[in-house]
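The block underneath contains the structure these notes are about, expressed in structure tokens.
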Amino acid sequence: MEKLFLSIDHLKSVSKTRFKIYQKIGVLTPYDLLYYLPRSYKDYREPVAAADAVMDMQNVVRLTITAKKNPVYSSRGMQIFRADAVDDDGTEVGIVIFNQRFTFQALQLGKSYVMYGKIVSNQNENRLNIQNPQLLKDMENPIEAVYPQTAGLTSPMVRTNMKECLQILDELPFETLPAVLRNRFQLMALPKALHAVHQPETLEQIEEAKHRIAFEELLRLQLGLHLLKYKAQKKTEYPMQMIDLQPFLDHLPFSLTAAQKKAVQEILADMSGDSPMNRLLQGDVGSGKTAVAAAACYFCARNGCQSVLMAPTEILAEQHYKTLTGFLESLNIRVALLTGALTAKQKKTVCAEIADGSAQVIVGTHAVFQKAVAYHKLGLVITDEQHRFGVAQRNALAEKGGAPHKLVMSATPIPRTLALMVYGDLEVSVLDVMPNGRLPVKTFAVTGKLRQRAVNFMIQELRQGRQAYIVCPAIEENADSDFELKAVTAYAEQIKKTMLQNWHVDILHGQMSAQEKEETMKKFHHHEIDVLICTTVVEVGVDVPNATVMMIEDAERFGLSQLHQLRGRVGRNSLQSYCILVTEHATEEARERLKRLCSTTDGFQIAEADLQLRGPGDFFGSMQHGLPPLKLAKLTDTKMLHDVQEAVQYFISADPELQKSEHHALYMDILYLFSKYGINGLN
């Protein structure tokens, strides 16, 4: 298999220029190119009658040449060749060829050709023309693969390189699945599937090949995550003893919910074992994950170990720092904050406290896993909003300790089928009960005609000292958009001069620098801003308890789960909060989706609905950050998911580390893919 993993510039047909283009799209080896899959296919096998051709589109027609005309030149110097032809039904068709003398010369009077080209109507001559046709008489593949468009890299170029890769595969064929599984799930052999997807003979063959490759994608991902979990089951250097948690519970200003108590018990049981904990704490917005994390930090500190909580933004890190300080410092547990905003002197002081162990709980951004930070006795690593970091980053932080326990938290509820894919290396605890005193956010969907009424309602809340968000789906107005989206900058200017002229309005969007975003959110947090007009940058990690209204413009443009996350920015205290979904161009399907959001605040129900309505892209695109991407597999294909689970169990039972010789190709395949996307903990 070695030839498949050499640099792709070893291929005869790959120039230095093409090599650089391949590098940009992540194709580094012939193996990578084999998995650079076509986006569509051109089927040249079935010519159509000229009268049935789709106008202004590419068509396959069979034409007999009846006359050839002398070439002429256009005013711009272009050489134009013309010929007359008829199809099998006798319909006259003109052939027009631009600047391609050899193609024209190849046409012989009285001979028939199968051609592929754009059919247009010639109004002057009252007949059809075919422009710049491709002659298909010598075609090697009657069905031709069309690859994703990339500047400087055409489909014919990829096909030439792919032919060479497939020749290497023929010399060195490899198979990742044993015959027993291929037969059990009726799967095509891998070399045959790769040939069929790039050089198919029939459309049915393409579907069969795609099925095999999709199955392989899911299997590699599941087994890779299994191996991560299996490798993590080494002995921790910091075994912990079960302690009385009552002092911590007595200091809380509230009682834990049943779901929180169960999660705490699961976490403490894991941390009292010999192997490091690998657990996901999944809970809806406002379900009380931080209190559970605080219990774990208390347990860790009482066992003489340090814990660290990593958050994706400085403002969220500061929020966690304040919360944990309130929970723990009265119990004589020192909480420290480490972010990029600290001065060099402050960082030095905090790092010294971390190194000597006097800082028992450390809260921060990615700064907490930088090389300069040395921990005294790191027993617990907590990452918040896990999908913002990815597997590789949480592993980098874990390497700071001696196989520490790991807890990852996510406020994005996802269906169980998807959780198995995204968090397959973790055990899962779920917080599915909201804390006492939290009122469900009332949600309403209205048309743009009621926008004034919605803003008037918002002003009533502002007059009571509350704050509000208005979310827009674009930053600046775009003339190329299929219809006008509400844009943050233009919308803010307009509404500041009209409906909200008496209130302090500001904007927040992703193109602002990190410092600008932090400063704006701090102002909003301190009520220096009444209404924040923003993009979905506020979707995660912003906690402003005084905000009670979330108004979302062009709400039909967002997925259900994203709308639910935005809604979670309000309702963060005992005040009644509201979410107003404004639509201008909602389809019937969009109206149904919004109606579903108005009817429930259960994030797990919403996630299931979103998965069915929109597919897994919204979840998986962001949440599998750092894992090999899925190109063909569909996580809504429940039968395939079930089959893959069965195959995974086969391997776990027979060879949990995939070390048997017959599983070597599959193991190397998984190892290569995971390491390519930044995960090196499998070997």
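Give the angle, between 0 and 90 degrees and rounded to the nearest 10, that separates the Cα long axis of helix 451-463 from the longest principal axis of the Cα atoms of the chain.
It works out to around 20 degrees.
Quick check: the angle from helix 155-171's long axis to the longest principal axis of the chain, C-alpha only, nearest 10 degrees?
80
Past the 20 Å Cα-Cα mark, which pairs from Lys42/Lys118; Lys42/Lys634; Lys111/Lys163?
Lys42/Lys634; Lys111/Lys163
With unit charges on the beta carbon (Lys/Arg positive, Asp/Glu negative), name the residue among Gly273, Ala151, Leu194 whose Cα is farthest towards the positive pole of the charge dipole of segment 133-282.
Gly273
Could you tell me how many degrees, from 0 to 90 and to the nearest 10, lie between the Cα long axis of helix 488-497 and the main elongation axis, the longest principal axis, of the Cα atoms of the chain?
Between helix and principal axis, roughly 60 degrees.
Let me know the charge dipole size of segment 50-135 about its Cα centre in debye, to the nearest 20, where only the beta-carbon of Lys, Arg (+1) and Asp, Glu (-1) is charged.
Rounded to the nearest 20 debye, it is 500 debye.
Sorting Val648, Val441 on the 10 Å Cβ count, fewest up front, what's the list?
Lowest to highest Cβ neighbour count: Val648, Val441.
Could you pull out every residue, at least 5 positions away or on a different chain, whose amide H is within less than 5 Å of the one on Lys68? Hs are placed 1.01 Å off N in the peptide plane, and Pro or chain starts have none.
Asp84
Is any residue of segment 40-64 close enough, with backbone N under 14 Å, to a label point placed 7 angstrom from the Cα of Gln131 along the Cα-Cβ axis, and if so, which?
Backbone N within reach: 55-59.
So who's got an amide H within less than 5 Å of the one on Ala474, skipping anything under 5 residues away but keeping other chains? H placed 1.01 Å off N, in plane.
Val488
Quick one: putting +1 on the C-beta of Lys and Arg, -1 on the C-beta of Asp and Glu, what dipole do you get for segment 133-267 around its Cα centre, in Debye to the nearest 20?
Here segment 133-267 has a charge dipole of around 500 debye.
Suppose each label sits 7 Å from its Cα in the direction of the beta carbon; what would the Asp602-Ser75 distance come out to in nanometres?
It works out to 7.0 nm between the two label points.
Grab the Cα-Cα distance for Phe444 and Ser513, subtract it from 0.36 nm times how many residues apart they are, and report the gain in nm with one decimal.
The span from Phe444 to Ser513 would gain 21.5 nm if fully extended.
With charges set only on the Cβ (+1 for Lys and Arg, -1 for Asp and Glu), what does the dipole of the chain come to about its Cα centre, in debye to the nearest 20?
For the chain, the charge dipole is close to 1100 debye.
Lys496: net charge of surrounding residues, Cβ under 13 Å, Lys/Arg +1, Asp/Glu -1, itself excluded?
Net charge in that neighbourhood comes out at -2.
If the reach is capped at under 27 angstrom between alpha carbons, list the lysines near Lys496, excluding any in the same chain fewer than eight residues apart.
Result set, ordered by chain and number: Lys442, Lys449, Lys486, Lys517, Lys522, Lys523.
State the extension gain, in nm to one decimal, for the chain segment bounded by Gln186 and Ala372, taking 0.36 nm per residue of separation less the distance between their alpha-carbons.
61.6 nm
Please identify which residues in segment 285-312 have an amide N closer than 11 Å to a label point set 7 Å out from the Cα of Gln241, following the Cα→Cβ vector.
303-304
Quick one: order Lys118, Lys12 by neighbouring beta-carbon count within 10 Å, fewest to most.
Lys12, Lys118
Which cross-chain or sequence-distant (5 or more) residues have an amide H under 5 Å from the amide H of Val446, H modelled 1.01 Å from N in plane?
Residues meeting the criterion, in which the H sits 1.01 Å from N, are Leu581, Val582, Thr583.
Sum -39500 (n - 2.57) across every DSSP H segment of at least 4 residues in the chain, then divide by the residue count to get the 222 nm mean residue ellipticity, nearest 500.
-12000 deg cm²/dmol
Need the full-extension length gain, Glu201 to Ala352, defined as separation in residues times 0.36 nm minus the C-alpha distance. One decimal, nm.
Here the answer is 47.7 nm.
From the phi angles alone, apply the Karplus equation (6.51, -1.76, 1.60; θ = phi - 60°) to segment 203-219 and give each ³J(HN,Hα) in whole Hz, x where the residue is Gly or Pro.
Couplings: 5, 5, 5, 4, 5, 5, 5, 4, 4, 4, 5, 5, 4, 4, 4, 5, 5 Hz.
Name the lysines eligible as straight-distance cross-link partners of Lys660: C-alpha to C-alpha under 29 Å, and not fewer than 8 places from it in the same chain.
Candidates past the 8-residue exclusion: Lys3, Lys192, Lys210, Lys229, Lys231, Lys234, Lys235, Lys631, Lys639, Lys676.
In the set (1) 54, 35, 22; (2) 76, 32, 22; (3) 46, 27, 25, which value of semi-axes √(5λ) of the Cα gyration tensor in Å was calculated from the structure you see?
So the structure-derived entry is (1).
Which order do Thr313, Thr383, Thr587 fall in if you start with the one that has the fewest other Cβ atoms within 10 Å?
Lowest count first: Thr587, Thr313, Thr383.
Between Leu380, Val428, Thr64, whose Cα lies farthest towards the positive end of the dipole of the chain when Lys and Arg beta carbons carry +1 and Asp and Glu beta carbons carry -1, centred on the Cα centre?
Farthest towards the positive pole: Leu380.
Charges on Cβ only, +1 for Lys and Arg, -1 for Asp and Glu, centred on the Cα centroid of segment 50-135; of Pro133, Asn99, Ala51, which one is farthest towards the dipole's positive end?
Selected residue: Asn99.
Testing the spin-label approximation: label points 7 Å from Cα along Cα→Cβ at Ala344 and Phe457. State their distance in nm.
5.4
Could you calculate the FRET efficiency of Thr150 with Gln464 from 1/(1 + (r/R0)^6), where r is the beta carbon distance between them and R0 is 56 Å, rounded to 0.05?
0.55
A short reminder: the numbers here are calculations on the coordinates, not readings from a lab. Quantities reported herein were computed from a predicted structural model and do not represent experimental measurements. No Cβ is skipped: glycine too gets one built from the backbone with ideal geometry, and neighbour counts run over all protein chains shown.
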